[in-house]
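The values are calculated or read from the model by the stated rules, or taken from the named source; none is laboratory data. Quick caveat, the model's predicted, so the values are computed rather than measured. FYI the Cβ positions are ideal-geometry reconstructions off the backbone, even for glycines, and counts take in every protein chain you see.
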């Protein structure tokens, strides 16, 4: 299933180009993550262009040596330069510092993480907990729910308000997705 996922994700020209330029990005514990991956899958399943309606392309990395916003902005600037010709929004996030701003931004607590995969583990929906690097695919909950379009609450981030809003946004673009609200 992971081979199918990798093949499908790389049908998106932007994903493929980002992976091709991976060494230039030089992200410690780096991963291409989130919507640019799972939304590519949903686009393909809907018969749409792989890149359709993908708002941004997210890159996670982990650098616990410098938790400053300036350091993260420098990495963001480097990624912007490397990927400038693609003309897309790229968001780079140091997962070592998410706990320093998450609660003030989203209104919910967030633990300090130990690596970038910990951040992938905490996406709001288990089906969307996916990341990819040139060497591997990381999908702690498997890939099946993603292909089935099943959106459920992640016990690691049981924030119903955020879940409901995100699920509504996804269903607005991919109405065939199924939402199963769980009580946690």
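Here is how the numbers come out for the structure above:
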| quantity | calculated |
| --- | --- |
| Those helices (runs of 4 or more DSSP H) lying entirely in the stretch 78-158 with at least 2 residues over 16 Å from the mean Cα position of the chain (by Cα) and under 16 Å from residue 37 (Cβ atoms) | 144-148 |
| From 24, 53, residue being more than 25 Å from residue 125 (Cβ to Cβ) and either part of a loop (DSSP other than H, G, I, E, B) or touching a residue at least 24 places away in the same chain (Cβ under 8 Å) (or both) | 24 |
| Residue count for the stretch 63-75, restricted to those that are surrounded by 16 or more Cβ atoms within 10 Å (Cβ to Cβ) and not in a loop (DSSP other than H, G, I, E, B) | 2 |
| Condition met for residue 43 (assigned to a helix (DSSP H, G or I), at pLDDT 95 or above, over 15 Å from the mean Cα position of the chain (by Cα) and crowded, with 19+ Cβ neighbours inside 10 Å) | yes |
| Filter pass, residue 9 being within 28 Å of residue 175 (Cβ to Cβ) and touching a strand residue (DSSP E or B) at 6+ places or on another chain (Cβ under 7 Å) | yes |
| Top-ranked residue in the stretch 152-184 [being closer than 20 Å to residue 47 by Cα and in contact with a strand residue (DSSP E or B) (Cβ under 9 Å, 6 or more places away or on another chain); ranked as surrounded by the most Cβ atoms within 10 Å (Cβ to Cβ)] | 170 |
| Matching residues, the stretch 113-131, being touching a residue at least 60 places away in the same chain (Cβ under 8 Å), surrounded by fewer than 22 Cβ atoms within 10 Å (Cβ to Cβ) and more than 14 Å from residue 141 (Cβ to Cβ) | 115 |
| Which listed residue is in a helix (DSSP H, G or I) and within 17 Å of residue 128 (Cα to Cα), from 60, 38 | 38 |
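So that you can scan it fast, the table gives a plain yes or no per residue for (1) on the phi > 0 side of the Ramachandran plot; (2) out of contact with any helix residue (DSSP H, G or I) (no Cβ under 9 Å at 6 or more places or on another chain); (3) surrounded by fewer than 16 Cβ atoms within 10 Å (Cβ to Cβ):
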position	(1), (2), (3)
4	no, no, yes
16	no, no, yes
26	yes, no, yes
55	no, no, yes
60	no, no, no
102	no, yes, no
111	no, no, yes
